[in-house]
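**Q** Right, I'll just put the structure down here and ask away after.
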Amino acid sequence: AACVDQLVTVLRRSDLRLDAELLGKGEFGEVRRGVLATDAHRRSSRLPALTVDVACKTLLAGGDEREFLAEAALMAQFHDPNVVGLVGVVHGGRTGRWFKIVHPTIIVSGLMDCGALRQRLMRGRDTIDLSTLVNFGIGVAEGMAYLAGKGYVHRDIAARNVLVNTAG
């Protein structure tokens, strides 16, 4: 974890609120919507607390934390509007004086609020116009070209793995 901490932003658990809404399940665990308090309100007590909606991937109990954090370190290398960006990592641990509460490790990323492209296409089957479909294709192609330029090959590109935000 110490090596990963040099590559990613480590977030405080107290700055993150996980919602009950389950967005999906991945290889390592569940993905939930969350709200992250930003650092801006700490710099000046006169500023209101600022928050941002995020996606929070939690590591399931018994999951491989090293591999999970390697995914975060990989995501930290990518900075492109067509690739989901890493916000940071919340390390797992145990808290509690009398009862031990186990907190999972969490990868926090940008929230793509329309979910997977596959679901978006199924929901809007009759209402998505041709220009929107072409833009989806262009966005995917640009994202893959960016990753290829970084020497990374996405080995599971599929509509279920392409995420869409309200702008898309």
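The values are calculated or read from the model by the stated rules, or taken from the named source; none is laboratory data. As the structure is a prediction and not an experimental result, all values here were calculated from the model. All Cβ positions, even for glycine, are placed from backbone atoms using ideal geometry, and neighbour counts span all protein chains on display. Keep in mind that these areas ignore ligands, DNA and RNA; they rest on the heavy atoms of the full protein, side chains included. Shrake-Rupley method; radii C 1.70, N 1.55, O 1.52, S 1.80 Å.
**Q** Scan segment 47-67 residue by residue and report those that are in contact with a strand residue (DSSP E or B) (Cβ under 7 Å, 6 or more places away or on another chain) and at pLDDT 90 or above.
**A** 53, 54, 55, 56, 57, 58
**Q** Based on this model, can you work out whether residue 94 counts as within 30 Å of residue 38 (Cβ to Cβ), open to solvent by 70 Å² or more (accessible area, probe 1.4 Å), at pLDDT below 90 and not polar (S, T, N, Q)?
**A** Yes: the conditions hold for residue 94.
**Q** Next question, about the same structure. Out of segment 112-151, which residues are over 26 Å from residue 26 (Cβ atoms) and small (Gly, Ala, Ser)?
**A** Listed by number, the list holds a single entry, 131.
**Q** Name the one entry in 124, 149, 137 that is farther than 26 Å from residue 38 by Cβ, free of Cβ contacts under 8 Å to residues at least 24 places away in the same chain and open to solvent by less than 30 Å² (accessible area, probe 1.4 Å).
**A** 124
**Q** Does residue 87 satisfy the criteria of being open to solvent by 40 Å² or more (accessible area, probe 1.4 Å), touching a strand residue (DSSP E or B) at 6+ places or on another chain (Cβ under 9 Å), closer than 30 Å to residue 158 by Cβ and modelled with pLDDT of 90 or more?
**A** yes
**Q** For segment 23-46, does any single residue satisfy the condition of being modelled with pLDDT of 75 or more and open to solvent by 80 Å² or more (accessible area, probe 1.4 Å)?
**A** Checked against the condition, which is being modelled with pLDDT of 75 or more and open to solvent by 80 Å² or more (accessible area, probe 1.4 Å), segment 23-46 yields at least one hit.
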